[in-house]
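The values are calculated or read from the model by the stated rules, or taken from the named source; none is laboratory data. None of the values given here were measured: they were computed from a predicted structure. Because the Cβ atoms are built from the backbone with ideal geometry, glycine has one as well, and the counts that use them run over all protein chains shown.
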Amino acid sequence: MNIPTSIAVQSYDLARNAAAPAPKAGATPRAEAAFGAQMASFTETLRQADTAATSSMVSGANPHALVEAVAATELAVETAIAVRNKVVEAYLEILRMPV
């Protein structure tokens, strides 16, 4: 019996999708999705701060907007550092567990 690889891959993909649990209506988002959304927000905050800084330096735009953008960036970076520290702390705690 000779089964072409492409048919086997398609069949496997269909079976995997059919066996995957369906998301429940109103369910909380998975951790990966929530983390991805937060990283996108972090990236957007940095991009806005960069745009505000550039426009303030080049065209003499509102300095108040620059201060707000810098403060938002500082908060976003501090939050990212806090999350990183918690992840490292959890990893080290897992390493300390007896096997």
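Observations on the model:
- Residues (among the polar types (S, T, N, Q), surrounded by 10 or more Cβ atoms within 10 Å (Cβ to Cβ) and more than 26 Å from F35 (Cβ to Cβ)) located in region 46-94: T54, S55, S56, N62
- Single match in T73, T79 (criterion: touching a Ser or Thr at 6+ places or on another chain (Cβ under 7 Å) and either in a loop (DSSP other than H, G, I, E, B) or in contact (Cβ under 8 Å) with a residue 24 or more places away in the chain (or both)): T73
- Of all residues in region 17-49, those being of a type in the set (K, R) and modelled with pLDDT under 75 number 1.
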